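Inspection log for the structure reproduced underneath, given as structure tokens.
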Amino acid sequence: MGEQTLVMFRRFVYGAGVMSLIVRPASASDFHALNHIKESAVQDSTAAGSELTGRLHRWNPRRSYAPPSYWHNAIVAEVDGDIIGVAKTIGAMLKDLWVLQSKRSLGAGAALARAAEDCIRADGHRMAHLYPAAFNARTCAFYERNGWSMVRFTYHTVGHFRRCVYVKRL
């Protein structure tokens, strides 16, 4: 994520109240919440391609678990003190972007994507890329709404499913 300090703040009306969205670098104490978010989001997204769920979990039953070192440069989204989303970059790749299903459509995903793009740009890359599962139409539509372009398909050789290759000029 570079040496930059990343904090974005936004207040918005949701239901009957006002909520605060904060995007910030993850800390060591966020580890369990980040794994919970990733595990929940993986289950939600693989439900969209339920024929693949069993295959993925046979390949790696704990595929959503990540050790603390994995999250060292992650970015989190909080609403009123609760972590609701996480993003992680590796080089020019947006590796992970997960938001709890119950907290989607609040702008956290778009805020995390922008923050991740800023981190990729700050690391000197002019083009970013990512690889969502092709069966996850909601995710693909999200990236397209946020300025990403699908350029081709690839094949996940271990999980045996098609993935989209998205790019975005930064």
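A compact table of results
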quantity	calculated
Accessible surface, region 66-116, averaged per residue in Å² (probe 1.4 Å)	36 Å²
Sequence-separation-based contact order of region 71-168, relative, with Cα cut under 8 Å and 6+ spacing, percent	21 percent
Fraction of accessible area attributable to carbon and sulfur, region 113-170 (%, probe 1.4 Å)	50 percent
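The values are calculated or read from the model by the stated rules, or taken from the named source; none is laboratory data. Fair warning: this is a prediction, and the values are worked out from it, not measured in the lab. Accessible surface is based on the protein model in full, side chains and every heavy atom, while ligands, DNA and RNA are left aside. Shrake-Rupley method; radii C 1.70, N 1.55, O 1.52, S 1.80 Å.
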